[in-house]
Amino acid sequence: MTQASIDKFGRFLVRAFQLFGLFVIGATIVWAAVHAYLDMIEAGSAGLDDILLLFIYLELGAMVGIYFRTDRLPVLFLLYVAITAMTRFLVVDIKEAAPDEHLLVITGAILLLTLCVFTLQMATAKFEVEEVRQRDAHAKKSDG
């Protein structure tokens, strides 16, 4: 076996493992979301905590779908999941957490994550604009 064929086989194994893992994670998200939804139906109502939980499942599913299509992990979706989870904790579970310091820490963490989302979106927009400008400049040089 040549080095090139070994490298090709290794890339195939990594890709196969990645696809298998994505399918397992995706199936687990769907299973958990369906289970949570059936619990809501059985209870006869859905509270704010249940709805926020469904949003978390939706964001996780979208993240897996984007990763599956692009081979890039969408960091923004991880931040959205974290913000939604902390908001759910703040709305639902904070009554049992007791100390006011917990409220301040959770609120500060949500603010920090929101600033991270803003920063990432601004940086993404800036770099996309720069990339388009460079492509256009390259195209003009090729044409002229």
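Readers should treat all values here as calculations from the given coordinates under stated rules, not as data from a laboratory. Computed from a predicted model, the values in this text were never measured in an experiment. In this analysis, Cβ positions are derived from the backbone assuming ideal geometry, glycine residues included, and neighbour counts consider all displayed protein chains.
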Difference of contour (0.36 nm per residue) and Cα-Cα distance, residue 51 to residue 75
6.4 nm
Taking the Cα centre as origin and putting +1 on Lys and Arg beta-carbons and -1 on Asp and Glu beta-carbons, what dipole magnitude results for region 3-143, to the nearest 20 debye?
920 debye
In what order do 83, 41 fall by count of nearby beta-carbon atoms within 10 Å, going from fewest to most?
41, 83
For the chain, find the longest principal axis of its Cα atoms and tell me its angle to the long axis of helix 100-143, 0 to 90°, nearest 10.
20 degrees
Just the Kirkwood number for the chain, please: inverse of mean 1/r across all distinct Cα pairs, in Å, one decimal.
19.1 Å
Contact order relative to length for region 3-143, counting C-alpha pairs under 8 Å separated by 6 or more residues, stands in percent at 18 percent
Tilt, helix 48-70 to longest principal axis of the chain (alpha-carbon atoms), in degrees rounded to tens, equals 10 degrees
Rank by packing, highest mean first: peptides 33-40, 118-125, with packing defined as the count of other Cβ atoms within 10 Å averaged across residues.
33-40, 118-125
How about region 1-88: which trypsin sites (Lys or Arg not before Pro) there are in a DSSP loop, with at most 16 other Cβ atoms within 10 Å of their Cβ?
72
How far is helix 75-88 tilted off the main Cα axis of the chain, in degrees rounded to 10, range 0 to 90?
0 degrees
Once all Cα-Cα distances of region 33-112 are split into 10 Å bins that start at 0, what whole-number percent is in each one?
17, 38, 31, 13, 1
